[in-house]
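Participant: Structure in structure tokens, see below.
The values are calculated or read from the model by the stated rules, or taken from the named source; none is laboratory data. Note that this is a predicted model, so its numbers are computed, not measured. Here the Cβ positions follow ideal geometry from the backbone for every residue, glycine too, while neighbour counts run over all protein chains shown. In case anyone asks, the SASA skips ligands and DNA or RNA and just uses the protein heavy atoms, side chains included. Shrake-Rupley method; radii C 1.70, N 1.55, O 1.52, S 1.80 Å.
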Amino acid sequence: MKKLFLQLDLCIGCQAHSLACQRVRNQAVTLQSTCVEGVGNLPVLCRHCEDPACVAACPNDAMTRDEDNIVRRNPARCTGCRSCVLACPFGVLSQGMKLQVFPLGKCDLCSSRVAEGKQPACVATCPTGALRFEEVDEIYGKEGETVIGSHSVGYSTYIRRP
Amino acid sequence: MLVQKKSTCMLCSVGCEFIIETIDDEAVNLEYDKDNPVTGGVLCAKGNYMLELINHPLRLIEPQINGKVVDWNEAIRKTSDELLAHREKSDAGIILAGDASVEDAKTAELFAETCLGTGRLAIYFATGDDTVQKALTMASIPNRAAGLNDIGKSTCTIAVGNPFEVGPVIAGKVLKARYARRGNIFGVISNKENMTSRFATIHHYGNERKLLSQLLRVVADRSEGDELGLKKLIKELIPATENPDVVKLGEAFVKSPSSVLILETQDPVKAQLASAVVSVAGADKRLFCVNTYGNAKGICEAVKSTVSVNEIITAVDHGVIKTLIVLGTDIVKGIPGRNIEAVLEKLDFLAVGAPFGNETKQSANVIFPTALWLETEGIYNGKHLQPVIDPPGAALPYGDILRQLAEAMGKALPQVTPEPVEAPQQLNEETLRVILKESMETVPEPAVQSTVTQFADGSLTSNIQWLQLQERDAW
């Protein structure tokens, strides 16, 4: 299973990921940036949790986790109640996500691009190679890299040199 | 049928390549050029907007006279008549955008000489004055320009200013080199903490001119050869420095087998100092210049006789210039700190050629739609680029518009073939004396012109959909 990871050592906060995401996903920004004081603007990534709080919170079954382990939002079912926004423990959905305006705005790991053999847009554009789309097992076993907060819900998305 | 065409981004000088996918000559998608040997297909925030630039809703497609849509011949006739009528009474000027091809810039130079008879041609580069132009010509050292791959392999990199902000793709290479081996040096000299200095192993904040001249002294003390014969003078003019950071950086720069100095060029003095540092440090040291206009370097080398935009605006303000042609740039928004709109009202005639609707267009008598660099053939920064799509509607390249105007005025301009680039001047004792004197003066640092939110000439800033989304608060 491949997931998105951010290598903190390499992120310069240029926000190219956000613009690429917007371009590929028809103007809906699903990858947001958050400002960490003294560090810069880091991407906030959906972890596609194993037991997602947003799916549990959704009263209309609009949020689902499919067999590819991707958490998706069904725009036809979404009423914009923002229960998922409140439920997300990582603040991924709340980062300026405008549900009513862009019901499509949920990261699905660019599944259509990946099916064509391409990388997700944010990974393909990242100027420093900080964003990576790799197998979870490979990332956790790599030498010289530490996954930060690996005991949290789902998988952590941040890696760093020790 | 889906056709993939490669092109190069001209929104800064790094020159990242990308693929435009077209169907029936209409650009439908931008794809990352994964197999590119230099960048690996990555693009920064600006590059991601290439498709929106091509298919922008504000693209101009028809010529206009005083707000009314007309055909080409009428617009050309009107402009040439006005230029001829005013030629005896007053001066005329022409301002050209920095994203023009080398051929177009040469054509503009010819047009200014033969048709306007004044030679008043200004090339617009981010600031109103010609500092960027001077800096670019001064920062070139023959055979010492570094490529992106050189940065990726260097063991000692020194950055001056904030190159990560202007060209985030450079950051990828710099950080790759910095983390490749323990002990690799990445030094930053800047006037304040910025995006680049956060990643430095050694950084020093202060006046960049002063710090660069201190670095020059340290490098002159430590290096062996003296190919320019300037070391004696450097030691005489610059006092020895005690600054530990600069000493460490200078030593590492000389000792390291592959060193690159990255300079974000805005200031001619810094450009001269940086090229002096690289020349004095040794034959294997390289210089990488970052600037906000992709084709600025190519134009600066090809076109010699220019004035600055500020000089033209001042001449308009004093009533010397009464007719003006502005091609491709938005001078109303692009020059901060001057009320350009009021100045433009003093003109008798203003012709604007622009790819997009902009503020300058509001005061124009005649408007020509122009093509972007993705739609014209030409030499950009040493690369011969082919058009990926046809220009929309009646839009034409700057050079074609000027040739048509010249023909209507009874002069024929030839198709320009750019001449081989002359080798830039070597640094000599006299220029060194001047720049060192200037480097001791504390001047306000020019601000970085290109950010994520600011495109080439600033004219598109308010029209980017992403920014509009940011402003629209749905909550």
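Participant: So if R0 is 30 Å, what FRET efficiency would B:Glu21 and A:Asp66 give, r being the distance between their Cβ atoms, rounded to the nearest 0.05?
Facilitator: On the way: r = 29 Å, r/R0 = 0.95.
Computed FRET efficiency for B:Glu21 and A:Asp66 comes out at 0.55.
Participant: Let me ask something else. For chain B, what ratio Rg/Rh do Cα atoms give with a Kirkwood hydrodynamic radius?
Facilitator: That ratio equals 0.99.
Participant: Let me ask you something else. If packing is taken as the average number of other Cβ atoms within 10 Å across a peptide's residues, how do B:338-345, B:109-116 rank, most packed first?
Facilitator: Peptide ranking by packing, descending: B:109-116, B:338-345.
Participant: Then there is this: How shielded is B:366-376 by partner chains, expressed as the average number of their Cβ atoms within 10 Å of its Cβ atoms?
Facilitator: The mean count of partner-chain Cβ atoms within 10 Å per residue comes to 0.
Participant: Right, next: With the Cα gyration tensor of region B:2-54 giving a ≥ b ≥ c as the square roots of its eigenvalues, does the rule (a/c under 1.5 for rounded; else a/b larger than b/c for prolate; else oblate) give rounded, prolate or oblate?
Facilitator: Values: a/c = 2.24, a/b = 1.39, b/c = 1.62.
It comes out oblate by the Cα gyration axes.
Participant: Now for a separate question. Where Lys and Arg each count +1 and Asp and Glu each count -1, what net charge lies around B:Ile94 among other residues with Cβ under 12 Å from its Cβ?
Facilitator: Around B:Ile94, the surrounding residues sum to -3.
Participant: Rounded to the nearest 10 degrees, what's the angle between the helix B:268-281 long axis and the longest principal axis of chain B, both from Cα atoms, 0 to 90?
Facilitator: Helix B:268-281 sits roughly 40 degrees off the main axis of chain B.
Participant: For peptide A:118-130, what's the mean number of Cβ atoms from other chains within 10 Å of each residue's Cβ?
Facilitator: Taking the mean over all residues of the peptide, I get 6.
Participant: Quick check: Cα centre of region B:6-42 to Cα centre of region B:342-371, how many Å?
Facilitator: Centre-to-centre distance over Cα atoms comes out at 31 Å.
Participant: Would you mind calculating the relative contact order of region B:2-54 from Cα pairs under 8 angstrom and at least 6 residues apart, reporting the percent as a whole number?
Facilitator: 29 percent
Participant: Give the accessible surface of region B:2-54 per residue, rounded to a whole number of Å², with probe radius 1.4 Å and ligands, DNA and RNA excluded.
Facilitator: Heavy-atom accessible area per residue stands at 35 Å².
Participant: Next up: Averaged across A:3-9, how many Cβ atoms of other chains sit within 10 Å of each residue's Cβ atom?
Facilitator: 1
Participant: Have a look at the DSSP beta bridges in chain B and tell me what percent are antiparallel, nearest 5.
Facilitator: Numbers: 22 of 63 bridges.
Antiparallel bridges: around 35 percent, rounded to the nearest 5.
Participant: Between B:Lys232 and B:Glu193, what's the calculated FRET efficiency when r is the beta-carbon distance and R0 is 35 Å? Round to 0.05.
Facilitator: 0.45
Participant: Mind grabbing the interface size between B and A? I mean buried accessible area, both sides, 1.4 Å probe, in Å² to the nearest hundred.
Facilitator: Its buried surface, counting both partners, is about 2700 Å².
Participant: Got a sec to turn the phi values of region B:234-251 into Karplus ³J(HN,Hα) couplings, 6.51 cos²θ - 1.76 cosθ + 1.60 with θ = phi - 60°, whole Hz, x for Gly and Pro?
Facilitator: Whole-Hz 3J(HN,Hα) from phi for region B:234-251: 4, 5, 6, 8, 9, x, 4, 9, 9, 4, x, 5, 5, 4, 4, 5, x, 4.
Participant: How charged is the neighbourhood of B:Gln415? Take every other residue with its Cβ under 13 Å from the Cβ of B:Gln415, and add Lys/Arg as +1 and Asp/Glu as -1.
Facilitator: Taking every other residue near B:Gln415 into account, the sum is -3.
Participant: A follow-up question, please. Nearest 10 degrees is fine. How inclined is helix B:72-87 to the longest principal axis of chain B, computing both from alpha carbons?
Facilitator: In chain B, helix B:72-87 runs at an angle near 80 degrees to the longest axis.
Participant: Something else about it: Go ahead and estimate [θ] at 222 nm for chain B from helices alone: -39,500 (n - 2.57) per DSSP H run with n ≥ 4, summed, over the residue count, rounded to 500.
Facilitator: -10000 deg cm²/dmol
Participant: Computing the accessible area with a 1.4 Å probe over protein heavy atoms, can you report the carbon and sulfur percentage for chain B?
Facilitator: Reported share for carbon and sulfur atoms: 49 percent.
Participant: Let me ask something else. From the phi of every residue in region B:203-215, what ³J(HN,Hα) in whole Hz does the Karplus formula 6.51 cos²θ - 1.76 cosθ + 1.60 yield, where θ is phi - 60° and glycine or proline is x?
Facilitator: Calculated HN-Hα couplings, in order: 9, 9, 9, x, 5, 5, 4, 5, 5, 5, 5, 5, 4 Hz.
Participant: When Lys and Arg each count +1 and Asp and Glu each count -1, what net charge do the other residues less than 12 Å away from A:Lys142, Cβ to Cβ, add up to?
Facilitator: Value of the local net charge: -3.
Participant: Sketch the reach of a paramagnetic label on B:Thr114 as a point 7 Å from Cα along Cα-to-Cβ, and name the residues of region B:392-419 whose backbone nitrogen lies under 16 Å away.
Facilitator: From region B:392-419, the list is B:399-419.
Participant: While we're on this one: Please label the shape of region B:143-301 as rounded, prolate or oblate, based on the square roots a ≥ b ≥ c of the eigenvalues of the alpha-carbon gyration tensor (a/c under 1.5 means rounded; beyond that, a/b larger than b/c means prolate, else oblate). Intermediate results must be reported in sequence, preceding the final value.
Facilitator: Values: a/c = 1.38, a/b = 1.22, b/c = 1.13.
Judged from the Cα gyration tensor, region B:143-301 comes out rounded (a/c under 1.5).
Participant: Per residue of region B:253-265, in order, report the coupling 6.51 cos²θ - 1.76 cosθ + 1.60 (Karplus, θ = phi - 60°) as ³J(HN,Hα) in whole Hz, putting x for Gly and Pro.
Facilitator: With the stated coefficients, region B:253-265 comes to 5, 6, 6, 4, x, 9, 10, 10, 9, 9, 10, 8, 7 Hz.
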